[in-house]
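Chemist: Dumping the structure here so I can ask a few things about it.
The values are calculated or read from the model by the stated rules, or taken from the named source; none is laboratory data. Being a predicted model, the structure only gives us computed values, none of them experimental. With ideal geometry, Cβ positions are generated from the backbone for all residues, glycine too; neighbour counts draw on all protein chains shown.
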Amino acid sequence: MEFSYKFGFIGAGNMGFAIMKGLCQSFAPEQITFYERNAQRAEDVSARTGIAAAESGIACALASEVVILAVKPQQLANVVPQIREGISGQQILISIAPGVSVSELKEWFGSDCRVVRAMPNTPALVGEGMTGVCYDEKLFSKAEQDMIQSFFESFGRMAFVEEKLIDAVVCVSGSSPAYVYLFMEALADSGVRYGLPRDMAYEMAAQAVLGSARMLLETGEHPGLLKDRVCSPGGTTIAAVAALEEYGLRNAVMKACDACYQKCGNIR
């Protein structure tokens, strides 16, 4: 299905750029614009995507039917006054700022503002993002809802969640690529310790994570069952799993998510 909407990004940092890059797979660059206050960054993003930069935040907002607020929560106090007059109830405002509620956005941009709150992650850059999305369906037409779904699926998968669960999405999906990279780095370091070339170790670790994730998604089986299938009785893998349990891998991951969740409530 083709859509003729114009998309405008306020901010082109890591997450905004990742979404823009993914969006180009389904939408023409001419349908997209962005504003980035760092001139060098704006030039770089345009060169890498073919997307033209707007001269200002307000110009970007006024030229767009769908405005994506892609700045850090700490920057909103400065950004909102710059674009407020360019946001109306006729547009769709997509916010990817963690810790900022729909009600707060409506307070800043007007009660008639139609808000989609979302939590994507950086694998959007390679079309493998995961986004938790919430919005009031009554405020959007069927065509707009189809467009919203197409928007998020252009760079990966999406799941509808209640707004009260968005902070949990940050823990499990939004921030978790960093945990996974840390895990892969540790795996590769271990391979290097035992003689593997570093590039090969990174490739093996990355492919193992990619393949394991795909198996989980495509089979729909419980991760514990998939783990059991790798663990032969008395074998090497169960010995490694026992060591991970001894040193608290599960607890460390859950504590990391606790810290992430608490930060969401106090991010500004």
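Chemist: If residue 81 satisfies all but one of (1) part of a helix (DSSP H, G or I); (2) surrounded by fewer than 16 Cβ atoms within 10 Å (Cβ to Cβ); (3) in contact (Cβ under 8 Å) with a residue 24 or more places away in the chain, what's the number of the condition it fails?
Modeler: Looking at each condition in turn, residue 81 falls short on (3).
Chemist: Ok, one more. When you go through (1) surrounded by 18 or more Cβ atoms within 10 Å (Cβ to Cβ); (2) closer than 30 Å to residue 81 by Cβ one by one for residue 130, which number turns out not to apply?
Modeler: Residue 130 satisfies every listed condition except (2).
Chemist: Being over 20 Å from the mean Cα position of the chain (by Cα) and either charged (D, E, K, R) or not assigned by TED's automatic domain parsing to the domain that holds residue 96 (or both) is the filter here; which residues of region 42-69 pass it?
Modeler: 43, 44, 55, 65
Chemist: Output yes when any residue across region 125-141 is assigned by TED's automatic domain parsing to the domain that holds residue 214 and without any contact (Cβ under 8 Å) to a residue 12 or more places away in the chain, and no when none is.
Modeler: no
Chemist: A further question follows. Is region 42-50 home to any residue that is in contact with a strand residue (DSSP E or B) (Cβ under 6 Å, 6 or more places away or on another chain), farther than 19 Å from residue 125 by Cβ and not in a loop (DSSP other than H, G, I, E, B)?
Modeler: No.
Chemist: Go through (1) in a strand (DSSP E or B); (2) in contact with an Asp or Glu (Cβ under 9 Å, 6 or more places away or on another chain); (3) in contact (Cβ under 8 Å) with a residue 40 or more places away in the chain for residue 115 and report which single condition fails.
Modeler: (3)
Chemist: Oh, and also: Which ones in region 14-25 are under 12 Å from the mean Cα position of the chain (by Cα) and within 18 Å of residue 61 (Cβ to Cβ)?
Modeler: Matches in region 14-25: 16, 19, 20.
Chemist: Tell me which helices (runs of 4 or more DSSP H) are completely within region 159-268 and hold 2 or more residues being among the β-branched types (Val, Ile, Thr) and either within 29 Å of residue 98 (Cβ to Cβ) or at pLDDT below 95 (or both), or say none if there are none.
Modeler: The helices (runs of 4 or more DSSP H) meeting that bar are 166-169.
Chemist: Still on this structure, I have one more. Counting only residues that are within 15 Å of residue 7 (Cα to Cα) and either within 23 Å of the chain's Cα centre (by Cα) or not assigned by TED's automatic domain parsing to the domain that holds residue 54 (or both), which one in region 88-103 is surrounded by the fewest Cβ atoms within 10 Å (Cβ to Cβ)?
Modeler: Among those residues, the one meeting the criterion is 91.
Chemist: Has region 64-73 got at least one residue that is part of a helix (DSSP H, G or I), among the β-branched types (Val, Ile, Thr) and at pLDDT below 95? Can you show your working first?
Modeler: Narrowing region 64-73 to residues part of a helix (DSSP H, G or I): 73.
Subsequent filtering for residues that are among the β-branched types (Val, Ile, Thr) retains none.
No, the conditions are met nowhere in region 64-73.
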